[in-house]
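Written below as structure tokens is the structure these notes are about.
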Amino acid sequence: MLRFTFSELSEETLNSIVKLREREVVPEKWIQRMMALNDEEQERLKFLTSYLRNRQTHLMNEATIWSRAIYPLLMLAERGNIQAWAGVPLKAQYPRFELEGEADGALASSVSGRIKVPYLVVLEVKRGIDAPNPQFQLYGEMLAAAWLNWRGNHQTAQEIFGCYTISDSWTFVHGTVEGLESDKPVFTAELSAEYAERFEAETILQILKFIAAKYINESIST
């Protein structure tokens, strides 16, 4: 049994355990994954962005960016029992490999104050010239989250969302995992454009709201 932490993952290691299929950015698809904001959400968003627009966010450390920009926006997307979380442990055991680690954040369902199922996992990228490509670590977190979802619903194809943030910029990933019980599952990843929160916070929140609403609707229908 192969075992990996998320930070150990690279393109090479991922290709050795899954069939990785990456799609080009198609902006039109992400427009379809947006949900309009109501007046209250617009006002709360305006308050949040008024702080960011007057600050040099690229000079702030990661902890400050997370607390003042990333996590507050996740909280604005909360809907029903889907809440924003920080420091989310993830562990998955596929037939040939195990994945384990912690996501910096998530939108996930909750029961009695406990996290249940993650639908969006968030990776805050540590800056520096030696920093690894964040995509592969995020893919690992998404694979783990998909396995946790599969354990609950046993659907043959699992849809999962992820995003990585660099300073106040967000890049989303739509993922599909198939063949979770096979020796080499198929993971298809479709990236969004990069959105700067200072200027595109409404777009980011519209995507986050769509993700939360999607899973709320699915839980109601089942």
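A few notes on this one:
- Residue in region 141-161 that is out of contact with any Gly (no Cβ under 8 Å at 6 or more places or on another chain), buried (at least 17 other Cβ atoms within 10 Å of the Cβ) and either charged (D, E, K, R) or within 30 Å of MET60 (Cα to Cα) (or both) present: no
- Within region 25-53, residues that are at negative phi and part of a helix (DSSP H, G or I) sit with their Cβ atoms under 7 Å from residues that are buried (at least 16 other Cβ atoms within 10 Å of the Cβ) and among the small types (Gly, Ala, Ser), at 6+ positions apart or across chains, in these pairs: TRP30/SER192; LEU45/ALA201; LEU48/ALA201; THR49/ALA201; LEU52/ALA69.
- Candidate set from region 28-53 (those that are of a type in the set (Phe, Trp, Tyr) and surrounded by fewer than 17 Cβ atoms within 10 Å (Cβ to Cβ)); member that is modelled with the lowest pLDDT: TYR51
- Within region 184-202, residues that are touching a residue at least 24 places away in the same chain (Cβ under 8 Å) and among the small types (Gly, Ala, Ser) sit with their Cβ atoms under 6 Å from residues that are in a helix (DSSP H, G or I) and crowded, with 17+ Cβ neighbours inside 10 Å, at 6+ positions apart or across chains, in these pairs: SER192/TRP30; ALA201/LEU45; ALA201/THR49.
- Qualifying positions in region 109-123 - modelled with pLDDT of 90 or more and more than 25 Å from THR171 (Cα to Cα): none
- Subset of region 110-140 that is hydroxyl-bearing (Ser, Thr, Tyr) and outside any helix (DSSP H, G or I) - its residue that is surrounded by the most Cβ atoms within 10 Å (Cβ to Cβ): TYR119
Condition check ((1) in contact (Cβ under 8 Å) with a residue 24 or more places away in the chain; (2) more than 22 Å from ILE207 (Cβ to Cβ); (3) among the aromatic types (Phe, Trp, Tyr)) across all residues:
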{"site": "GLU100", "(1), (2), (3)": "yes, yes, no"}
{"site": "TYR119", "(1), (2), (3)": "yes, no, yes"}
{"site": "TRP147", "(1), (2), (3)": "yes, yes, yes"}
{"site": "SER167", "(1), (2), (3)": "yes, no, no"}
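- Going through (1) out of contact with any helix residue (DSSP H, G or I) (no Cβ under 8 Å at 6 or more places or on another chain); (2) over 19 Å from SER109 (Cα atoms); (3) modelled with pLDDT of 95 or more one by one, GLN137 falls short only on (1).
- Scanning region 79-108 for residues that are part of a strand (DSSP E or B), more than 14 Å from the chain's Cα centre (by Cα) and at pLDDT below 95 gives a single hit, ARG79.
- Residue count, region 141-173 (criterion: more than 21 Å from PRO185 (Cβ to Cβ) and not in a strand (DSSP E or B)): 2
The values are calculated or read from the model by the stated rules, or taken from the named source; none is laboratory data. Predicted model, so just to flag it, every value in this text is computed and none were measured. In this analysis, Cβ positions are derived from the backbone assuming ideal geometry, glycine residues included, and neighbour counts consider all displayed protein chains.
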